[in-house]
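The values are calculated or read from the model by the stated rules, or taken from the named source; none is laboratory data. Just so we're clear, the structure is a prediction, and the values are computed from it rather than from any experiment. For neighbour counting, all protein chains shown are included, and Cβ atoms are generated from backbone atoms with ideal geometry for every residue, glycine included. Accessible surface areas use protein heavy atoms only, side chains included; no ligands, DNA or RNA. Shrake-Rupley method; radii C 1.70, N 1.55, O 1.52, S 1.80 Å.
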Amino acid sequence: MWSRVIEFMLGCWLAISPFIFTAGEQVPALTAVTWASALLIICLSLVSYWPPLRHAHLAIFFLALALIGYGRFAVPAPIPPALQNLIMTGLLLLMFALVPNRASQPPRCWYDKAPEMS
């Protein structure tokens, strides 16, 4: 579940990034988009720890695609640093959203085929 922790940290980064990158005059809705996506990422990464919703982190994949698209097409070139931050964070989230929850544990089939010790 290490990837869920990193997704949580990236959500926290998105939450504080409007205070670091100032582009409010160029893109008025940027702060609202950033905070809404940060809240969704944090919630989805945390709810993935509950076994009935263990695949909720896959929704982060689609949210990351939306962040990348918004960061690229919100304003014409040149892209301000705040939107470049959305693109890079979206790319990182794309990678981590595909990592399964049991990534640090061996596959289940290894347990079934383990030789018995006599």
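In the chain, what percent of the accessible surface is made up of carbon and sulfur (1.4 Å probe, ligands and nucleic acids excluded)? Write out the running numbers ahead of the final one.
Details: 5480 of 7420 Å².
Accessible surface attributable to carbon and sulfur in the chain totals 74 percent.
Could you identify which residue out of Pro81, Pro51, Pro106 has the top mean-square fluctuation in a GNM of the chain using Cα springs shorter than 10 Å?
Residue with maximal mean-square fluctuation among Pro81, Pro51, Pro106: Pro106.
For the chain, the longest stretch holding no trypsin sites (Lys or Arg not before Pro) located in a DSSP loop with at most 11 other Cβ atoms within 10 Å is which?
Details: sites that count: Arg102, Lys113.
My reading of the result: 1-101 is the longest stretch.
Express the accessible area of the stretch 1-102 per residue in Å², computed with a 1.4 Å probe while the remaining protein chains stay in the model. Walk me through the intermediate numbers first.
Numbers: 5580 Å² over 102 residues.
Value returned for the stretch 1-102: 55 Å² of accessible area per residue.
Evaluate the Kirkwood expression for the hydrodynamic radius of the stretch 22-76, namely the inverse of the mean inverse distance over all pairs of different C-alpha atoms, and round to one decimal in Å. Show your work: numbers first, answer last.
Values: mean 1/r = 0.0811 Å⁻¹.
For the stretch 22-76, the Kirkwood estimate is 12.3 Å.
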